[in-house]
Amino acid sequence: MWYGVTCDPETGSVAEVTLRAISEEPIFEEATKPGYMRGIISPSVCQLKNLSSLIVTDWKGIEGEIPSCLTSLSSLRIINLAGNCLSGMIPKDIGKLSRLTVLDVADNKLTGCIPGSITRLSSLMHMDLRNNQLTGRLPRDFSQLKMLSRALLSGNKLTGTIPSSMSRIYRLADLDLSMNMISGRIPASLGKMPVLETLNLDSNRITGPIPASLIRSRMSNMNLSNNGIDGAIPDMFRSRSYFMLLDLSFNNLRGKVPKSLQKASFVGHLDLSHNHLCGRIPSGSPFDRLEASSFSFNDCLCGMPLEDCKENH
């Protein structure tokens, strides 16, 4: 018996490999810092033909590339290699793993493009590619990932525009493309997605207006900060608007603060700072409990919680 290795009780073949650096197991008591286990992920793991789960996480001493032969393990359902120092590319034939539900390679040093075959992972529910050095454009046919609920791709060097096909992923609830170099406009169709709750597009090169559909959507967390978004904030909030977070700071927005925000059932954290907004800040909820920092560094906003307005406002 080996620690972290689980065998199928019927066939005796290895079914799961689970090696996490953050563990309370006695075998890791001497691991006083990350990196206790070192080396590479050996291609010999591909001899485990019935392997369904490969979890090797948070070992800063695990280096090298992801073995390309992993794509031959047709029973794989979970690949979690997050928090290591893996380099190289995501295997180009990753799309062969038709049963894969989780692909997590976050917090490594992976380079290259997101392989086009990734859109053939028809069972994929959770994709986490955050904090690597991935480049290139997002695959155009993202809509093929019908089961996907979380797409986390922040902290890379991705370019190009947001594919409108993403809006056809019916189950997508969490989309994070922040801290990349994505440009172009926000597809209005994103605001019509039935279960999308969190949209993070901050710290990109996005331009154009905020689609009214985003304001009228069912989203509860929207961060569009640190872009080049312009135009007015759509004055289309309504009673079912419920924003735990709405961050539109550090853009080129103009016009007034939407009065319809008063209709929203809840607005938690609101940040409209560092834009070109002007005019009187509406009174009443939620404005009466917001800090000045929510509205600071605009052209000529006035009224509580900022300075009083002059007569011409």
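The values are calculated or read from the model by the stated rules, or taken from the named source; none is laboratory data. Not measured: the values here are computed from a predicted model. With ideal geometry, Cβ positions are generated from the backbone for all residues, glycine too; neighbour counts draw on all protein chains shown. All accessible areas refer to the heavy atoms of the entire protein, side chains included, with ligands and DNA or RNA removed. Shrake-Rupley method; radii C 1.70, N 1.55, O 1.52, S 1.80 Å.
Things to note:
- Residue pairs whose Cβ atoms lie under 6 Å apart, separated by 6 or more positions or on different chains, with the first residue in segment 43-55 and outside any loop (DSSP other than H, G, I, E, B) and the second hydrophobic (A, V, I, L, M, F, W, C) and open to solvent by 50 Å² or more (accessible area, probe 1.4 Å), are Ser53/Ile78.
- Answer from Gly83, Gly112 - the residue that is among the small types (Gly, Ala, Ser), at positive phi and open to solvent by less than 10 Å² (accessible area, probe 1.4 Å): Gly83
- Test set (1) open to solvent by less than 20 Å² (accessible area, probe 1.4 Å); (2) under 16 Å from Ala151 (Cα atoms) - Ser217 fails condition number: (2)
- Evaluation of Ile118 against (1) open to solvent by less than 60 Å² (accessible area, probe 1.4 Å); (2) assigned to a loop (DSSP other than H, G, I, E, B) (one fails), failing number: (2)
- The condition of being part of a helix (DSSP H, G or I) and surrounded by 16 or more Cβ atoms within 10 Å (Cβ to Cβ) holds for only one of Met166, Met127, that being Met166.
- Residue tally, condition within 18 Å of Leu253 (Cβ to Cβ) and not aliphatic (A, V, I, L, M), over segment 287-312: 11
- For segment 261-279, filtered to residues that are more than 27 Å from the chain's Cα centre (by Cα) and modelled with pLDDT of 95 or more, the residue that is surrounded by the most Cβ atoms within 10 Å (Cβ to Cβ) is Leu277.
- Cross-chain or 6+ apart pairs with Cβ under 8 Å, segment 280-299 first and β-branched (Val, Ile, Thr), then outside any loop (DSSP other than H, G, I, E, B): Ile281/Phe287; Ile281/Leu301; Ile281/Cys302
- Count - residues of segment 178-191 that are in contact with a strand residue (DSSP E or B) (Cβ under 7 Å, 6 or more places away or on another chain), surrounded by fewer than 21 Cβ atoms within 10 Å (Cβ to Cβ) and part of a loop (DSSP other than H, G, I, E, B): 2
- Of all residues in segment 268-294, those that are within 18 Å of Ile229 (Cβ to Cβ) and in a helix (DSSP H, G or I) total 1.
- Annotation: of all residues in segment 86-104 being in contact with a Gly (Cβ under 9 Å, 6 or more places away or on another chain) and assigned to a loop (DSSP other than H, G, I, E, B), the one that is most open to solvent (accessible area, probe 1.4 Å) is Lys92.
- Among the residues listed as Leu196, Leu175, the single one being at pLDDT 95 or above and either assigned to a loop (DSSP other than H, G, I, E, B) or out of contact with any strand residue (DSSP E or B) (no Cβ under 7 Å at 6 or more places or on another chain) (or both): Leu196
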